[in-house]
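The values are calculated or read from the model by the stated rules, or taken from the named source; none is laboratory data. These figures come from a predicted structure and were not determined experimentally. All Cβ positions, glycine included, derive from the backbone under ideal geometry; neighbour counts span all protein chains shown.
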């Protein structure tokens with residue numbers, strides 16, 4: 001598969017969502033967790049989303065419980081947590097796996113297109129971020145410690161490009 005639009009994911013209320021619904025948009029796809037030291041990044045992600053959504057930018061959050069069991073809640077509990085603590089307005093998807101034998105196909109694709117440190121495909125921790133261009137191609141992978149506000153120039157660069 002050459003782009004993310006060929007995948008289907010599940011939203012946080014259990015409905016299938018074709019990634020083609022985001023065709024032509026710049027995407028920031030993030031594996032998230034509610035009980036992580038990096039959880040405050042939700043606020044920065046919301047700021048980015050509000051600032052750029054009218055220009056065709058989407059943040060897509062995918063909760064994952066594979067790192068220190070920091071996302072134990074149900075999809076409903078995760079949504080309530082995000083609403084109560086960060087009032088996020090960007091899409092939140094169903095909890096999934098980003099590593100191992102049960103890796104979600106979207107994340108397998110993201111990892112193969114943008115390898116991490118030393119060429120590893122493995123995601124190291126929560127809040128790893130993947131920037132996807134308007135053609136659905138993975139442009140860059142950002143480490144957990146990269147704060148959302150540090151992505152502004154990369155996002156603006158992709159938004160400035162046409163499909």
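Only residues that are touching a helix residue (DSSP H, G or I) at 6+ places or on another chain (Cβ under 8 Å), assigned to a helix (DSSP H, G or I) and buried (at least 19 other Cβ atoms within 10 Å of the Cβ) were counted across region 49-80, and they come to 1. The residue pairs whose first member lies in region 130-156 and is without any contact (Cβ under 8 Å) to a residue 12 or more places away in the chain, whose second member is in a strand (DSSP E or B) and buried (at least 20 other Cβ atoms within 10 Å of the Cβ), and whose beta carbons are closer than 9 Å, counting only pairs six or more residues apart or on different chains, are 150/142. Is it the case, given these coordinates, that residue 39 is in a loop (DSSP other than H, G, I, E, B), under 14 Å from the mean Cα position of the chain (by Cα) and either surrounded by fewer than 20 Cβ atoms within 10 Å (Cβ to Cβ) or at pLDDT 95 or above (or both)? Considered against the rule, which asks whether it is in a loop (DSSP other than H, G, I, E, B), under 14 Å from the mean Cα position of the chain (by Cα) and either surrounded by fewer than 20 Cβ atoms within 10 Å (Cβ to Cβ) or at pLDDT 95 or above (or both), residue 39 comes out as yes. Of the residues that make up region 83-97, is at least one outside any loop (DSSP other than H, G, I, E, B), crowded, with 17+ Cβ neighbours inside 10 Å and out of contact with any strand residue (DSSP E or B) (no Cβ under 7 Å at 6 or more places or on another chain)? Yes: one or more hits. If you go through region 116-133 and pick out every residue that is out of contact with any helix residue (DSSP H, G or I) (no Cβ under 8 Å at 6 or more places or on another chain) and either surrounded by 13 or more Cβ atoms within 10 Å (Cβ to Cβ) or assigned to a strand (DSSP E or B) (or both), you end up with 4. Number of residues in region 10-23 that are outside any helix (DSSP H, G or I), out of contact with any helix residue (DSSP H, G or I) (no Cβ under 6 Å at 6 or more places or on another chain) and surrounded by 13 or more Cβ atoms within 10 Å (Cβ to Cβ) equals 3. Here residue 106 meets the list (1) touching a residue at least 12 places away in the same chain (Cβ under 8 Å); (2) outside any helix (DSSP H, G or I); (3) within 21 Å of residue 4 (Cβ to Cβ) almost entirely, failing just condition (2).
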